[in-house]
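Notes follow the structure.
The values are calculated or read from the model by the stated rules, or taken from the named source; none is laboratory data. Note that the coordinates shown come from a computational prediction; the quantities given were computed from them, not determined experimentally. Neighbour counts run over all protein chains shown; Cβ positions are idealised from the backbone, glycine included.
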Amino acid sequence: MENSLFSKPRDLFLDVVNPRDYVQIDSVSHMYQLLKDSVQKPLKMILLYGRPGTGKSMLLHKLHHDLSKHQKVFMVSTPIIDEDDFLRVLAQNIFGHAPREVMTLNRFLEVSGALSLSDVPIVLLDEAQLYSSALMEKIRLISDARAIKFVITLHKTDKEDVIAKEHFQTRIWESIELQNASAEELKVYIQKKLLKANCFDVANMFNDKNMKLITSLTKGNYRETNKLLFSLFSLYCWYEENQPHSLQYNAIKPKWIEMAAIHTGLIHA
Amino acid sequence: MLDIKRLERRWLKYKIKKFLPYAVGVIAILILGITTFFWTYPEDSKNAPKVVTLPQKLPAEPVVQPIETTVLEPSMEFVQSFQGTPPPQKAQAVAAYSPKPVQRQVYSKPVVETFNVPEYTPPQPKVLTPAPKVSTNANGISINRDESKLDIDELQSRFKENSNANLGLFIARYHYEHGNYSEAYNYALKTNTLNNRIDESWILFAKSLVKLNRIDQAKKTLQLYISQSNSDNAKGLLESIDNGSFK
Ligand SMILES: Nc1ncnc2c1ncn2[C@@H]1O[C@H](COP(=O)(O)OP(=O)(O)OP(=O)(O)O)[C@@H](O)[C@H]1O
Ligand SMILES: [Mg+2]
């Protein structure tokens with residue numbers, strides 16, 4: 001099964017975030033440019049929000065990857081929930097300060113002030129909806145003091161929308177919203193991914209009808225698309241091994257797209 | 001990991017469910033048609049109950065649409081439920097025929113596996129809008145839109161390096177879809193020289209020729225290819241060029 005024609009494309013659609021796999025898509029690279037510009041402006045906090053699976057973590061990782069070539073930037077991809085730990089980790093990684101004492105906010109600001117860096121260091125916080133409001137308040141104070149510039153990503157579900165409004169609306173100085181892809185963008189996403197990995201033959205199999213079906217099933221969501229294609233190619237691997245006569249190489253079978261959608265729960269049957 | 005057999009059964013169930021409203025609609029219209037036909041027939045219309053038995057003749061009717069073949073069975077129950085009731089009134093029957101079933105809603109349940117169980121709210125109309133909505137002061141940032149489209153130049157230079165027939169085919173297709181028929185012709189030809197057994201490269205080549213108004217050459221190419229391969233696609237294309245349905 002592993003040397004199947006379809007095992008490589010299948011693994012391309014594993015749901016992992018790696019800046020090297022970043023694909024340029026119209027609206028996404030626009031947003032990325034905005035994000036990069038915001039970081040260079042004298043802002044205190046930048047918010048990147050959008051529904052789950054719209055590529056926030058991907059953009060944040062890419063930003064980290066690109067910025068770290070030129071400046072001090074630290075990424076917190078898994079939230080550090082404990083306040084003391086949070087300040088400690090930041091102090092250590094940004095100011096090179098490994099304190100023995102408890103790290104209070106005041107102490108943290110003192111340490112930062114003593115260093116008087118020329119550029120405000122940048123900290124990227126993924127999944128910010130998981131931080132408590134008390135910790136969020138401290139984060140705000142730190143950025144108000146211009147000790148650190150934060151770039152924050154946030155889920156945009158209805159509940160979190162409220163948090164976003166309460167917490168950030170007046171305090172965030174730039175916010176950027178990511179959205180699901182259009183049919184055209186999703187096609188570019190899939191094709192670019194396949195072509196990048198030299199899966200030309202498989203890229204040839206996707207026609208416009210296939211793409212319409214995939215977009216209507218996933219609503220253009222990148223994560224849902226990854227899941228759908230992962231199980232679609234798993235199906236192909238299975239058929240290739242067990243029923244090779246049922247394979248067609250000139251187009252993707254709608255039936256198999258729908259079966260993959262049933263498997264991932266996009267269709268209820 | 002994948003239980004294909006079970007998945008296939010679930011898929012079949014899903015398809016039947018999805019097409020049931022159509023089938024019901026078609027049958028309702030058939031019943032309506034037949035009943036009105038007999039109602040307006042003076043001799044038979046005196047005997048109303050006769051009408052009720054008519055739906056049983058349905059399976060013999062040859063007019064059923066092709067896709068309904070798999071779904072006819074379950075909908076017969078529906079037909080039987082009509083028996084004993086008076087002939088359906090026009091308004092009812094029309095209501096039963098809903099040309100667009102609620103198929104969209106079938107997909108909307110979220111399956112997202114993160115710990116805080118984020119929710120997909122049901123389909124939003126804005127999802128499909130292509131243009132990015134920028135909520136901030138986009139002070140004159142203009143990005144090169146073409147840069148993030150599929151970079152065809154890059155693919156073409158890759159093709160120069162690796163001469164991969166599948167990549168050639170991809171590029172030919174791209175150009176054909178974008179109306180660059182002479183480029184499509186070029187790449188179909190290059191693909192074909194690398195591997196002349198790819199059906200689609202012949203097809204694209206011939207189609208591009210037609211678009212470039214070189215119809216005779218297109219036909220000759222197809223005839224040649226058909227004589228070698230017996231390709232059904234090629235035959236189909238040749239036929240539609242001949243009868244003018246492909247232009
Ligand atoms: N521009 C892109 N290039 C390549 N892959 C992408 C891109 N955007 C999104 N993806 C892929 O889509 C998937 C989902 O994206 P990501 O994890 O960034 O979403 P998210 O918005 O952070 O979701 P959540 O709110 O659940 O954290 C990832 O596996 C990622 O690899
Ligand atoms: Mg994320």
Practice item. Give, as residue ranges, the helices (runs of 4 or more DSSP H) completely inside the range B:160-232 that count at least 2 residues that are of a type outside the set (Lys, Arg) and away from chain A (no Cβ under 14 Å). Key: B:181-194, B:199-211, B:215-229
Point to revise | the range A:197-207 - residue that is within 10 Å of another protein chain (Cβ to nearest Cβ) and within 16 Å of ligand 1 (Cβ to nearest atom) and, of those, nearest to A:Ser4 (Cα to Cα) | key: A:Cys199
**Study point:** Residues of the range A:28-50 satisfying the condition of being in contact with a strand residue (DSSP E or B) (Cβ under 8 Å, 6 or more places away or on another chain) and either farther than 30 Å from A:Leu186 by Cα or of a type in the set (A, V, I, L, M) (or both)
**Key:** A:Val28, A:Met31, A:Leu34, A:Leu35, A:Val39, A:Lys41, A:Leu43, A:Lys44, A:Met45, A:Ile46, A:Leu47, A:Leu48
Check your understanding: Which of the residues belonging to the range A:32-60 are part of a helix (DSSP H, G or I), among the charged types (D, E, K, R) and within 13 Å of ligand 1 (Cβ to nearest atom)?
Key -> A:Lys56
Point to revise | Failed condition for A:Leu63, given (1) within 14 Å of ligand 1 (Cβ to nearest atom); (2) part of a helix (DSSP H, G or I); (3) over 22 Å from A:Asp37 (Cβ atoms) | key: (3)
Practice item. Working carefully through the options A:Ile262, A:Ile267, A:Ile214, A:Ile257, find the one that is buried (at least 18 other Cβ atoms within 10 Å of the Cβ) and part of a loop (DSSP other than H, G, I, E, B). Key: A:Ile267
**Study point:** Selection from the range A:126-138 of residues that are in contact (Cβ under 8 Å) with a residue 40 or more places away in the chain and more than 11 Å from ligand 2 (Cβ to nearest atom)
**Key:** A:Tyr131, A:Ser132, A:Ala134, A:Leu135, A:Lys138
Review point. Within the range B:190-209, how many residues are more than 25 Å from the chain's Cα centre (by Cα) and hydrophobic (A, V, I, L, M, F, W, C)?
Key: 2
**Study point:** Members of the range A:93-135 found to be surrounded by 20 or more Cβ atoms within 10 Å (Cβ to Cβ) and hydrophobic (A, V, I, L, M, F, W, C), listed by number
**Key:** A:Ile94, A:Met103, A:Phe108, A:Ile122, A:Val123, A:Leu124, A:Leu125, A:Ala128
Point to revise | Residues that are under 24 Å from the mean Cα position of the chain (by Cα) and loosely packed, with under 15 Cβ neighbours inside 10 Å, drawn from the range B:210-234 | key: B:Asp232
Revision key, fill the gap. Note on A:Asn242: of the conditions (1) out of contact with any Leu (no Cβ under 6 Å at 6 or more places or on another chain); (2) at the interface with chain B (Cβ under 9 Å from one of its Cβ atoms); (3) closer than 26 Å to A:His30 by Cα, unmet is (3)
Review point. Filtering the range A:170-211 down to residues that are within 16 Å of ligand 2 (Cβ to nearest atom) and among the polar types (S, T, N, Q), which residue is surrounded by the fewest Cβ atoms within 10 Å (Cβ to Cβ)?
Key: A:Gln179
Study note, to complete from the structure: Checked against (1) surrounded by fewer than 21 Cβ atoms within 10 Å (Cβ to Cβ); (2) assigned by TED's automatic domain parsing to the domain that holds A:Val151; (3) away from ligand 2 (no atom under 16 Å from the Cβ), A:Leu12 satisfies every condition except (2)
Check your understanding: Pick from A:Val120, A:Val102: which is more than 16 Å from ligand 1 (Cβ to nearest atom), farther than 20 Å from A:Lys41 by Cα, of a type outside the set (Lys, Arg) and not in a helix (DSSP H, G or I)?
Key -> A:Val102
Review point. Consider A:Ser29 against the criteria (1) surrounded by fewer than 18 Cβ atoms within 10 Å (Cβ to Cβ); (2) assigned to a helix (DSSP H, G or I); (3) among the polar types (S, T, N, Q): it satisfies all of them except one. Which criterion is unmet?
Key: (1)
Practice item. Answer yes if at least one residue in the range A:51-72 is farther than 30 Å from A:Glu184 by Cβ, touching a Phe, Trp or Tyr at 6+ places or on another chain (Cβ under 8 Å), surrounded by fewer than 20 Cβ atoms within 10 Å (Cβ to Cβ) and away from chain B (no Cβ under 11 Å), and no otherwise. Key: no
